[in-house]
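Values quoted throughout were computed directly from the atomic coordinates according to the rules given, and no laboratory measurement underlies them. The model shown is predicted, which means the values in this text are computed figures rather than measured ones. Glycine gets a Cβ as well: all are built from the backbone with ideal geometry, and neighbour counts include every protein chain shown.
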């Protein structure tokens with residue numbers, strides 16, 4: 001999808017020189033894409049470089065990291081720039097203008113697509129005051145603990161007791177409301193790390209529940225049964241200090257007792273937050289603006305090739321915390337998405353045209369706000385659609401009151417003509433989203449219902465009230481608008497916009513003396529042929545009041 | 001004198017504001033009189049219906065009909081005006097689209113009579129007397145009244161109309177435009193516009209609005225009404241959360257309302273591109289309202305509450321266009337069924 005009038009750039013920018021970025025760069029090089037790999041630190045390796053070993057096998061990080069770095073260097077197609085930071089990104093997919101800062105120098109380059117592999121940040125455990133991080137020297141983060149234990153600062157032989165506090169600040173409204181996904185396993189890793197060095201040390205893991213998903217559950221069982229690690233279900237209330245001795249106060253939820261566990265070292269197994277810096281420069285929205293939550297909504301949406309309008313892909317821990325195998329897989333999948341994006345076989349649907357004369361009269365700019373992709377911009381005093389960013393949902397067309405904005409294939413004229421052609425008195429007219437309900441009506445389910453007329457929409461968000469008013473003028477029995485379930489909209493929010501419109505229309509219909517029951521909005525999933533049929537049957541049985 | 005055209009001015013269901021609007025030509029009124037003889041105008045002249053009926057067919061050059069068609073008298077006179085006029089103009093929002101009287105189409109004759117002759121607190125009508133079309137008194141005199149219709153129609157619904165002049169009421173400039181058209185036609189300078197033309201701008205109202213719009217996106221957290229705030233006279237009303245029908249409305253009025261710090265109410269009707277003036281505007285407002293909120297978390301009741309900020313959508317968005325609208329026709333349809 002070459003941006004209009006601009007050359008398609010085949011080189012790719014990878015931001016972040018950790019495992020995700022390296023793996024992405026490696027695969028891009030094999031796919032013959034010139035790649036720029038930038039890393040803001042002086043060395044490559046990211047978070048993995050700071051770890052001592054990886055769970056569950058305890059494999060030293062060097063086994064994965066160093067060969068990867070070496071291969072990327074050898075390939076020659078990857079220009080590695082350390083001490084380099086992203087300043088800004090302009091342009092469109094297929095031709096981004098990137099500004100980088102290298103010390104005092106500013107460097108410009110062009111890239112067709114961007115892979116974001118900036119990783120994550122550790123949550124600041126100092127904010128959990130009852131645990132005394134920063135106050136007591138022997139309260140450490142997992143990375144600090146691993147480092148001290150492996151470099152001899154902590155002597156394993158002298159360790160009598162270690163407490164690992166899982167979910168330190170996680171799943172906690174006052175800190176991080178979400179699960180960071182990898183910490184449970186990090187807790188297991190720390191326990192094994194100690195036990196491997198001194199089997200006689202008592203290790204306690206205080207947890208909410210252990211989320212050792214998939215085959216990793218055997219790791220948990222081994223630690224419990226073979227290594228005899230003590231698992232205590234309960235969130236510790238505080239770390240106490242008496243005469244230089246630390247202890248952890250926790251209510252054991254299983255025994256119903258309050259325990260006070262003396263401990264030489266306490267490991268605060270904290271959660272992780274997004275590295276907002278780069279993400280915000282790329283305008284990638286976080287799930288909740290201020291809490292450092294990861295951009296999962298964006299990342300999940302961009303898994304589908306035709307719903308990522310930007311040519312900017314997030315992989316690895318920048319998307320959300322994950323382990324090494326998951327990171328590698330995601331890096332490769334991002335590369336595949338980039339290759340597809342830069343290949344000129346566009347799967348893109350038609351985009352709306354804006355009659356610039358009509359729009360120039362109104363310039364209400366309502367469409368700018370409703371576009372889920374920021375594909376509508378004001379440029380040279382004109383409202384324009386960026387075709388390479390637009391996904392063709394038609395939410396803007398249904399918002400445009402002046403009629404200036406018309407989505408090709410689903411314009412007001414085309415839809416009204418279809419209505420005129422197919423709708424008869426006493427029909428049930430079903431406007432169906434092309435991603436969920438519309439394919440169902442073709443599959444026989446419901447298609448044999450008499451007096452039901454199906455009209456395809458790109459998204460329920462294309463259902464404008466002008467169109468619905470037009471349909472009602474043909475005296476149908478009732479009208480259905482079917483969209484995807486909340487949070488399942490292909491275009492992020494088309495279904496919600498549709499719902500607001502339909503609710504507004506219902507109150508208008510009531511004022512006209514037309515029962516609002518005659519207009520329905522339903523969420524129908526793409527596998528719910530039965531629900532579609534049931535809804536339509538119910539609507540056929542309704543009598544016009 | 002033979003060069004002079006003749007002009008008739010007849011009202012249907014109208015507030016007579018359109019008569020006054022024509023008089024508002026002020027000194028230009030004499031220019032009108034230079035080119036036109038006003039042969040029939042009950043508001044201005046002492047004339048009777050029989051005078052109009054007595055005129056030869058097509059003897060009136062331009063017939064201006066203002067007001068909606070509410071009863072059989074309005075309709076009868078509309079037909080007579082059509083017969084007597086070479087050019088019949090639906091003059092003003094009511095004749096054009098049904099206008100304010102057209103709002104009554106959500107009810108019907110019985111509903112309206114019940115309200116007027118029975119239910120209003122000030123009504124004192126123990127015998128339940130209502131208007132009858134025919135009545136014979138004790139001396140067998142037949143008394144008649146026009147029939148009150150179930151629905152309000154626009155002029156175009158009952159007779160063929162040559163041109164439409166929107167607005168409530170047509171402004172000075174719009175009247176000057178008609179006058180100029182007539183003058184130019186008389187001097188054989190310019191052909192008349194094609195039949196069915198709406199004599200006003202083809203553009204959207206916002207084109208004439210001088211208010212400023214901020215750069216970039218617009219948001220509408222909540223809707224505000226004039227009863228709550230004093231609008232900023234320099235800012236776009238929609239930006240201030242005030243419902244304004246500008247985007248879906250035809251230009252040509254010169255935005256007198258907006259200059260008086262009142263949002264557009266849509267009396268010019270829609271432009272040719274607008275699907276349905278009221279519904280299209282409601283679509284735009286409902287799309288934007290609360291767009292910033294995190295919607296996935298909102299339950300149905302919250303959406304209902306949010307949308308309920310749009311008070312009286314029918315009165316607001318269909319104030320002038322109801323009888324001509326898709327939904328208005330459906331509502332009318334329903335009355336027939338009852």
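Quick notes on this one:
- Cβ crowding within 10 Å ranks B:308, B:72, B:283 as B:308, B:72, B:283, fewest other Cβ atoms first.
- Estimated FRET transfer efficiency when R0 is 41 angstrom, pair residue A:179-residue A:257 (beta carbons, to 0.05): 0.95
- Sorted peptide list for B:225-233, A:16-24, criterion being average Cβ within 10 angstrom, highest first: A:16-24, B:225-233
- With the simple spin-label model, which puts each label point 7 Å out from Cα in the Cβ direction, the residue B:136 to residue B:259 separation comes to 6.0 nm.
- Percent antiparallel among DSSP beta bridges (both partners in chain A, rounded to 5): 45
- For B:315-326, mean number of other protein chain Cβ atoms within 10 Å: 2
- Looking at segment B:55-201, the DSSP beta bridges with both ends there are about 35 percent antiparallel.
- Here the gap between residue B:114 and residue B:222, fully extended at 0.36 nm per residue and compared with their Cα-Cα distance, gives a gain of 35.2 nm.
- Inter-chain Cβ neighbour count for A:321-334, averaged per residue, equals 0 (cutoff 10 Å, partner chain atoms only).
- Cα-Cα separations in the protein assembly as shown greater than 51 Å, expressed as whole percent: 37
- Computed lengthening from residue A:136 to residue A:329, 0.36 nm per intervening residue step minus Cα-Cα distance: 65.5 nm
- Helix A:62-75 and the longest principal axis of the C-alpha atoms of chain A enclose an angle of approximately 60°.
- Computed from Cα atoms, the angle from the helix B:277-288 axis to the main principal axis of chain B rounds to 10 degrees.
- Over chain B: helical MRE at 222 nm, DSSP H runs n ≥ 4 each giving -39500 (n - 2.57), nearest 500: -8500 deg cm²/dmol
- Label zone at residue B:23, where the point sits 7 Å out along the Cα-to-Cβ direction: segment B:32-48 residues whose backbone N lies under 15 Å: B:41-47
- Most to least packed among B:135-145, A:353-363, B:171-181 [average Cβ atoms within 10 Å]: A:353-363, B:171-181, B:135-145
- When Rg and Dmax are taken over the Cα atoms of chain B, they come to 22.7, 77 Å.
- Normalised contact order of segment A:125-270, rounded percent, pairs of Cα under 8 Å and 6 or more residues apart: 31
- Counting, for every residue in B:301-314, the Cβ atoms of other protein chains within 10 Å of its Cβ and taking the mean gives 4.
- Folded to 0 to 90 degrees: helix B:72-84 orientation relative to chain B principal axis, Cα: 60
- Exposure proxy order (Cβ contacts within 10 Å, fewest to most) of B:16, A:351: B:16, A:351
- On the basis of the beta-carbon distance and an R0 of 51 Å, residue B:53 and residue A:538 show a calculated FRET efficiency of 0.30.
- Per residue, chain A reaches -9000 deg cm²/dmol at 222 nm when only DSSP H runs of four or more residues are counted, each adding -39500 (n - 2.57).
- Applying 0.36 nm per residue to the separation of residue A:425 and residue A:216 and subtracting their alpha-carbon distance, the gain on full extension is 69.1 nm.
- Residues A:500, B:130 arranged by fewest to most Cβ contacts within 10 Å: B:130, A:500
- Sequence ranges B:265-272, B:79-86, B:23-30, ranked by mean other-Cβ count within 10 angstrom, highest first: B:265-272, B:79-86, B:23-30
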